[in-house]
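Chemist: My questions all concern the structure below.
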């Protein structure tokens, strides 16, 4: 049976119980649900810090743990289904269900409701938290610490425009597999921005190309595009800001940058990924 290793929890020795009869494995398990308790953690292809990183899990994200061995957990992320290895120390019990999410691209955790206290850690956009109480301008988290309450929103509150969300990451360093304001890649930028407006998006650009929106004609002069259109190459994606300019996380500048699509298209076509493979429009 053909399957996508990125989103299918199967190894020769172990697989998810739901795959019984579809794949071969020595044993099957339903796994255990846990939650990420660090700001973010890289999801590795193999149980090694030197193994390739495919994506990141962020604070509060639920995962199914199928196996743990020598400090590594083999997991599937609940939000986008990605499968890989996380350090076991990055995970905790599922605990209290989240009540809020982070709407700022980054917010600090303080030991008390006071901005003058030395911060303990920080959270990134779309992180899920459980608020126990509020005091003044601050909210106390079930996991400990306080954050500025205005940096949070309810789980059912969403941003209005995903391009505006992407623009908040302008100049963020490029990081393969990244999904935070400390480092982000092209499909991570698209997925993170879409998540903030309530659109469930796959992780990688090829998945996004085939799973999102409706096709828009790719004209030779690149005309007819609108704000929010997703432009794909085989291995890259960016978001149109208007008829001519688009924003993307790119290894060309190693940042999130804005440039005319025509300029980027020529460079990418000649030096990187070939011609545009698709343009998709949402809504």
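Conditions tested, residue by residue: (1) assigned to a strand (DSSP E or B); (2) touching a strand residue (DSSP E or B) at 6+ places or on another chain (Cβ under 7 Å).
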residue	(1), (2)
200	no, no
217	no, no
221	no, no
227	no, yes
248	yes, yes
252	no, no
257	yes, yes
263	no, no
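Residue-wise test of (1) within 25 Å of residue 78 (Cα to Cα); (2) modelled with pLDDT under 95; (3) surrounded by fewer than 19 Cβ atoms within 10 Å (Cβ to Cβ).
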residue: 135; (1), (2), (3): no, no, yes
residue: 156; (1), (2), (3): yes, no, yes
residue: 161; (1), (2), (3): yes, no, yes
residue: 166; (1), (2), (3): yes, no, no
residue: 176; (1), (2), (3): yes, no, yes
residue: 188; (1), (2), (3): yes, no, no
residue: 196; (1), (2), (3): yes, no, no
residue: 209; (1), (2), (3): yes, no, no
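Chemist: Every residue in the range 115-138 that is within 27 Å of residue 189 (Cβ to Cβ) and assigned to a strand (DSSP E or B), please.
Modeler: Within the range 115-138, 121, 122, 123, 124, 128, 129 meet the criteria.
Chemist: Would you call residue 248 without any contact (Cβ under 8 Å) to a residue 60 or more places away in the chain, under 16 Å from residue 174 (Cα atoms) and surrounded by 13 or more Cβ atoms within 10 Å (Cβ to Cβ)?
Modeler: Answer is no for this residue.
Chemist: Still on this structure: How many of the residues making up the range 52-85 are within 15 Å of the chain's Cα centre (by Cα) and either free of Cβ contacts under 8 Å to residues at least 40 places away in the same chain or closer than 25 Å to residue 15 by Cα (or both)?
Modeler: Final tally of qualifying residues: 19.
Chemist: For the range 76-102, enumerate the residues that are more than 24 Å from residue 205 (Cα to Cα) and surrounded by 15 or more Cβ atoms within 10 Å (Cβ to Cβ).
Modeler: Hits for the range 76-102 are 87, 88, 90, 91, 98, 99, 100, 101, 102.
The values are calculated or read from the model by the stated rules, or taken from the named source; none is laboratory data. Predicted model, so just to flag it, every value in this text is computed and none were measured. Note that we place each Cβ from the backbone using ideal geometry, even for glycine, and neighbour counts take in every protein chain shown.
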